[in-house]
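The values are calculated or read from the model by the stated rules, or taken from the named source; none is laboratory data. What you see is a predicted model, and the numbers here were worked out from it, not measured in a lab. Quick reminder, even Gly has a Cβ in these numbers, built from the backbone with ideal geometry, and neighbours come from all protein chains shown. The accessibility values were calculated without ligands, DNA or RNA, using every heavy atom of the protein model including side chains. Shrake-Rupley method; radii C 1.70, N 1.55, O 1.52, S 1.80 Å.
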Amino acid sequence: MRDELSRRAMLGLGAAALLSTRGGAQPGDGVGFAVVGLGKLSQGQILPAFRTCRSARLAALVSGHPEKAHRLAAEQKLPESAVYSYERFDRIAADPRIEAVYIVLPNFLHADYTIRALKAGKHVLCEKPMATSVADAERMVAAAKAANRKLMIAYRCQYEPLNLYGMRLMRRGALGRPRLVVTNMGRQSDLADPSDAWRLDMRMSGGGALADMGIYGINGARYLLNEEPVAVRAWAQTARRDPRFRSVEDLIAWEFRFPSGAISTGTTSFDQAGTMAWEVYGTRGKMVADPGCFYGGNRLAVSAGPGDGQPKIAEVDQFAREMDWMGDIVRGRAPMVSPGEEGLQDMRLIRAILESVARGGATVPTDFGYRRAVDPAKAVRA
Ligand code: NDP
């Protein structure tokens, strides 16, 4: 109890909040979510995840395909009145069942629907990348402030036990002084898959593999090192005659320099065998997470003297966990860990990487003045 009280004090949550929530969420207390966009992620991960949520519950579906939406609503035991089209979206303002909106649309639609949801008085959980441009991301952050509503970006790895374990080893200095973080995030892509077609279009995705998967490496290096890069250099290797890469780069490699002296190299591609892996090398030890950012089956190998081995780390439903976290934020039981500003920082870094690519690997400064307000390693329980 004392530990919990000091943790809460550190997070700025009062003892009253603790007392009112001991034992976790009460049945029926879950924050009602509208899920916007019923594609692969919503159907494969998000809708099923509500079954195990404590602080979030499914309240509505928003879709451009009424038949699909009504079928899924029936499966989820939602009334017909809980299905919205995009045209009727703004009417959610008058629906008290909906307290939060989960934006699971192609990237180019995130800003518009986030801002409309905020204007409707709802809190927003928005998928990564939060937008396709820095300007849109800034508009989203400003809209959340103006509406006095929460905007959380769905960085599931910041809530995932293996990544949290890695962060905590780093915070304890278990590897010595951090020198190098290596990230590689990529897979094969297929223009014939509608879910990939928009990802391979610069206007709709904001950056191909970089915006879709490379972002995990950018974000990962930042949360593992718990600092922000001051400069980046980047290169791309893109076969323009491959119809997949007419408007987006394929293989991009970048190198971030951090104030501590650490370096992070990252690579991403939509024409490689699938992986989401990261490695950290310190002066006294190393750790390898391969895979490190999948939905499940992640593995960590640590070589750090007494900490050697492959720690057994419990798996969780990462989507249930982040929806519960958002629910807890709305109920005043948890601090905001991955706010709009955190997504905006990655948008600025993506822009810097693409600028460096366009300038043949020139060094681009990246000290945008952002500092993480809440460290997931301290705030989120593994
Ligand atoms: P899909 O293409 O599979 O689904 C997107 C859905 O958005 C469509 O099915 C459609 O739903 C709706 N939509 C509305 N307008 C359009 C349009 N013009 N073109 C295409 N679809 C449209 O994408 P994903 O589900 O894979 O990805 C959605 C978001 O989730 C992306 O931002 C992505 O980056 C993110 N994501 C995050 C992951 C994570 O691990 N955090 C993993 C995978 C994706 P409807 O028919 O209902 O209107």
| request: Determine, yes or no, whether Pro306 is open to solvent by 10 Å² or more (accessible area, probe 1.4 Å), over 22 Å from Ile153 (Cβ atoms) and in a helix (DSSP H, G or I). | output: yes
| query | Which of the residues that make up the stretch 297-316 are farther than 20 Å from Pro178 by Cβ and among the hydrophobic types (A, V, I, L, M, F, W, C)? | reply | Ile313, Ala314, Val316
| request: Return yes when Gly292 is within 17 Å of the chain's Cα centre (by Cα), in a loop (DSSP other than H, G, I, E, B), buried (at least 23 other Cβ atoms within 10 Å of the Cβ) and within 16 Å of the ligand (Cβ to nearest atom) and no when it is not. | output: yes
| Of all strands (runs of 3 or more DSSP E) completely enclosed by the stretch 146-249, which ones contain at least 2 residues that are open to solvent by 30 Å² or more (accessible area, probe 1.4 Å)? | 178-188, 231-237
| task | Being open to solvent by 20 Å² or more (accessible area, probe 1.4 Å), more than 9 Å from the ligand (Cβ to nearest atom) and in a loop (DSSP other than H, G, I, E, B) is the filter; apply it to the stretch 28-51 and report the residue that is modelled with the highest pLDDT. | result | Asp29
| field | Subset of the stretch 98-123 that is without any contact (Cβ under 8 Å) to a residue 60 or more places away in the chain and within 22 Å of Ser195 (Cβ to Cβ) - its residue that is nearest to the ligand (Cβ to nearest atom) | value | His110
| field | Residues of the stretch 86-128 classified as surrounded by fewer than 22 Cβ atoms within 10 Å (Cβ to Cβ), under 18 Å from the mean Cα position of the chain (by Cα) and hydroxyl-bearing (Ser, Thr, Tyr), total | value | 1
| request: Out of the residues in the stretch 52-71 that are without any contact (Cβ under 8 Å) to a residue 60 or more places away in the chain, open to solvent by 10 Å² or more (accessible area, probe 1.4 Å) and assigned to a helix (DSSP H, G or I), state the one that is nearest to Tyr155 (Cα to Cα). | output: Lys68
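Specify the residue that is surrounded by the most Cβ atoms within 10 Å (Cβ to Cβ); the eligible residues are those in the stretch 315-325 that are part of a helix (DSSP H, G or I) and of a type outside the set (A, V, I, L, M).
Among residues in the stretch 315-325 that are part of a helix (DSSP H, G or I) and of a type outside the set (A, V, I, L, M), the one surrounded by the most Cβ atoms within 10 Å (Cβ to Cβ) is Glu322.
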| remark: Residue pairs within 9 Å by beta carbon, gap of at least six or interchain, first lying in the stretch 183-199 and away from the ligand (no atom under 13 Å from the Cβ), second in a loop (DSSP other than H, G, I, E, B) and not hydrophobic (A, V, I, L, M, F, W, C), listed first then second, are Thr183/Gly292; Asn184/Asp290
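Can you name the residue in the stretch 326-362 that is assigned to a loop (DSSP other than H, G, I, E, B) and out of contact with any helix residue (DSSP H, G or I) (no Cβ under 7 Å at 6 or more places or on another chain) and is also surrounded by the fewest Cβ atoms within 10 Å (Cβ to Cβ) among such residues?
Ranking the qualifying residues of the stretch 326-362, first place goes to Gly360.
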| query | Mind checking which residues of the stretch 250-273 are under 22 Å from the mean Cα position of the chain (by Cα) and part of a loop (DSSP other than H, G, I, E, B)? | reply | Asp250, Phe258, Phe270
| request: Identify the single condition in (1) open to solvent by less than 20 Å² (accessible area, probe 1.4 Å); (2) within 16 Å of the ligand (Cβ to nearest atom); (3) farther than 29 Å from Ala111 by Cβ that Gly285 does not satisfy, given that it satisfies every other one. | output: (2)
| task | Mind counting the residues in the stretch 149-166 that are within 16 Å of the ligand (Cβ to nearest atom) and of a type outside the set (S, T, N, Q)? | result | 11
| said: Looking at the structure I just gave you, is Ala137 within 16 Å of Ala334 (Cβ to Cβ), within 16 Å of the ligand (Cβ to nearest atom), in contact with an Asp or Glu (Cβ under 9 Å, 6 or more places away or on another chain) and open to solvent by less than 20 Å² (accessible area, probe 1.4 Å)? | reply: no
